[in-house]
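What follows is a set of notes on a single structure, which appears directly below.
The values are calculated or read from the model by the stated rules, or taken from the named source; none is laboratory data. This is a predicted model, so every value here is computed, not measured. Note that each Cβ is placed from the backbone with ideal geometry, even for glycine, and that neighbours are counted across all protein chains shown.
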Amino acid sequence: MKRYVVGILVLVWMWFIYYFTASPNFTSGQTGTFIQETGLFNQDIGLTNSLLRKAAHVILFGSFAIILYVFLNKFISSLYAYILAWELASLAGMLDEFHQQFVPDRGSSINDMILDSFGALLFLILYVVNSKGKTRKKNSVKATRMI
């Protein structure tokens, strides 16, 4: 059952990425206007816009890589699931940038592809580190109980 839920989550996240790419509300100009209207960042709106947009790439594709890993790990070993999750998230980033070439007011960027791949790798590394920390803590609690 859980396998299907995670599989559906993979598809939903893919749609989510596509929605952001295809929507005219998330172009650079639109997010810049939104930042300006909020009045939260009065200094350099261009820099703030750029940083927020780049962070969105890292977070969106990093999260996608984690979801992919959780799904793939149900079928293949953990190491291969990590590698394949990173490769698939990176491929999704490349396809996303390719798709943006055909969307009005959007453009593709090799830098964004690199950020997508970096975000996927970063989130997977953080996930591994966090998982190992939880395993060590769980094992130390078990060892303490046995004493």
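Remarks
- Candidate set from region 18-59 (those that are surrounded by 14 or more Cβ atoms within 10 Å (Cβ to Cβ), within 16 Å of the chain's Cα centre (by Cα) and more than 16 Å from Q100 (Cα to Cα)); member that is modelled with the highest pLDDT: V58
- For first residues located in region 1-24 and of a type in the set (D, E, K, R), partners that are at pLDDT 85 or above and lie 6+ apart or on another chain with Cβ distances below 7 Å form the pairs R3/K74.
- Residue match in region 99-106 (condition: more than 22 Å from K2 (Cβ to Cβ), modelled with pLDDT under 90, assigned to a helix (DSSP H, G or I) and not acidic (D, E)): yes
- Region 100-127 residues that are touching a residue at least 60 places away in the same chain (Cβ under 8 Å) and farther than 20 Å from A65 by Cα, paired with ones that are in a helix (DSSP H, G or I) and hydrophobic (A, V, I, L, M, F, W, C) (beta carbon under 7 Å, 6 or more apart): V103/A22
- Filter result (assigned to a helix (DSSP H, G or I) and either more than 22 Å from D96 (Cα to Cα) or among the β-branched types (V, I, T) (or both)) within region 60-80: I66, I67, V70, S78, L79, Y80
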